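*Asks:* Questions regarding the structure given below will be posed in turn.
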Amino acid sequence: MGRAFEYRKASKMKRWGAMSKLFPKLGKIITMAAKAGVPDPDMNPRLRTAILTAKAQNMPKHNIEAAIKRASGKDSLDIKEVHYEAKGPYGTQLIIDCATDNGTRTVANVKAALVRNKAEMLTSGSLNFMFTRKSVFTFDRREEMDIEELELELIDAGLEEIEEDIEPQENGEDKKIVRVFGTFEAFGDLSKAFEDMNIEVTKGEHQYIANMPIDLTEEQMEELDVLIDRLEEDEDVQAVYTNIN
């Protein structure tokens, strides 16, 4: 399956951290998850996974608790999940996931970033057939794991594909990870399956997977990097997905 899920997945969290925007972005994910269900992680798989993702990024406990409280507080912001579609240079396509309490501000910032980097906003729905939204989970690859057996155990929970990968670390050492892809609707079932198997998920979310990924030259990639960086500098932008292999 060709894919360009979260663009430059290995470096995204590092860049957020460097810009001191990681925790606010994770906080929005937690708040939205709590609002979408109940503020109790034991009864809300999406919230439970969002908390695990935040903990994996060393988000302090009090930040996590504050994000949950914001979902039901009297003065809570109405944070909405929105996405924008765009056409970039060299035949690239982008889906820009945002979490915002001010859609007017967010769309203006996204448009400005696109225009300044040879890209343009598309009408909503233009890329419906170019991407498929899936449940994607990542966790550390333990030595005793039997990947083939794990795949068989997860099929009934909605697994579509499983892969092993290497994730670069800031200390220069590579870490072995496992990435699981499932249907959009399988998020809750897969989350529960991981819990039942005592697998600690480091990241779990819905991602847009390109149906027909393309390749770019190194120079073209560098130019696209500038656009992606500009978009991800905005605190409202949660993730940028492209059709790059």
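*Asks:* Considering (1) in contact with a Cys (Cβ under 9 Å, 6 or more places away or on another chain); (2) not in a loop (DSSP other than H, G, I, E, B), say which one residue 165 fails and leave the rest.
*Replies:* (1)
To keep it simple, each residue is scored yes or no on (1) free of Cβ contacts under 8 Å to residues at least 60 places away in the same chain; (2) touching a helix residue (DSSP H, G or I) at 6+ places or on another chain (Cβ under 7 Å); (3) farther than 30 Å from residue 155 by Cα.
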| site | (1), (2), (3) |
| --- | --- |
| 92 | no, yes, yes |
| 95 | no, no, no |
| 100 | no, yes, yes |
| 104 | yes, no, yes |
| 122 | yes, no, yes |
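*Asks:* Also: Can you list residue pairs whose Cβ atoms sit under 7 Å apart, with the first residue in region 223-235 being touching a residue at least 40 places away in the same chain (Cβ under 8 Å) and surrounded by fewer than 16 Cβ atoms within 10 Å (Cβ to Cβ) and the second being assigned to a loop (DSSP other than H, G, I, E, B) and of a type in the set (A, V, I, L, M)? Count only pairs 6 or more apart in sequence or on different chains.
*Replies:* Going by the 7 Å Cβ cut-off, the qualifying pairs are 233/19.
*Asks:* Do we have residue 187 as over 24 Å from residue 24 (Cβ atoms), outside any loop (DSSP other than H, G, I, E, B) and open to solvent by less than 70 Å² (accessible area, probe 1.4 Å) here? Lay out the reasoning, then the answer.
*Replies:* Details: over 24 Å from residue 24 (Cβ atoms): no; outside any loop (DSSP other than H, G, I, E, B): yes; open to solvent by less than 70 Å² (accessible area, probe 1.4 Å): yes.
Considered against the rule, which asks whether it is over 24 Å from residue 24 (Cβ atoms), outside any loop (DSSP other than H, G, I, E, B) and open to solvent by less than 70 Å² (accessible area, probe 1.4 Å), residue 187 comes out as no.
*Asks:* Exactly one of (1) assigned to a helix (DSSP H, G or I); (2) touching a residue at least 60 places away in the same chain (Cβ under 8 Å) is unmet by residue 194. Its number?
*Replies:* Condition not satisfied by residue 194: (2).
*Asks:* Still on this structure: Could you grab me the full set of residues in region 166-203 that are among the polar types (S, T, N, Q), farther than 19 Å from residue 143 by Cα and under 16 Å from the mean Cα position of the chain (by Cα)? First the steps, then the outcome.
*Replies:* Taking region 166-203 first, the residues among the polar types (S, T, N, Q) are 169, 171, 183, 191, 198, 202.
Still in the list and also farther than 19 Å from residue 143 by Cα: 171, 183, 191.
Listed by number, the residues that qualify are 183, 191.
*Asks:* Continuing with the same structure: Read through the list (1) under 25 Å from residue 108 (Cα atoms); (2) at pLDDT 95 or above, then give the number of the only condition that residue 224 fails.
*Replies:* For residue 224, the failing item is (2).
*Asks:* Right, next: Looking at residue 180 and the list (1) open to solvent by less than 20 Å² (accessible area, probe 1.4 Å); (2) in a helix (DSSP H, G or I), which single condition is not satisfied?
*Replies:* (2)
*Asks:* Separate question: Going by the conditions given, is residue 207 within 19 Å of the chain's Cα centre (by Cα) and either at positive phi or without any contact (Cβ under 8 Å) to a residue 12 or more places away in the chain (or both)? Break it down into steps so the answer makes sense when it comes.
*Replies:* Working: within 19 Å of the chain's Cα centre (by Cα): yes; either at positive phi or without any contact (Cβ under 8 Å) to a residue 12 or more places away in the chain (or both): no.
It is false that residue 207 is within 19 Å of the chain's Cα centre (by Cα) and either at positive phi or without any contact (Cβ under 8 Å) to a residue 12 or more places away in the chain (or both).
The values are calculated or read from the model by the stated rules, or taken from the named source; none is laboratory data. Everything quoted here is computed from the prediction, not taken from an experiment. A quick note on method: Cβ atoms are made from the backbone with ideal geometry, for glycine too, and the neighbour counts reach across all protein chains shown. Surface areas here come from the heavy atoms of the whole protein model, side chains and all, with no ligands, DNA or RNA. Shrake-Rupley method; radii C 1.70, N 1.55, O 1.52, S 1.80 Å.
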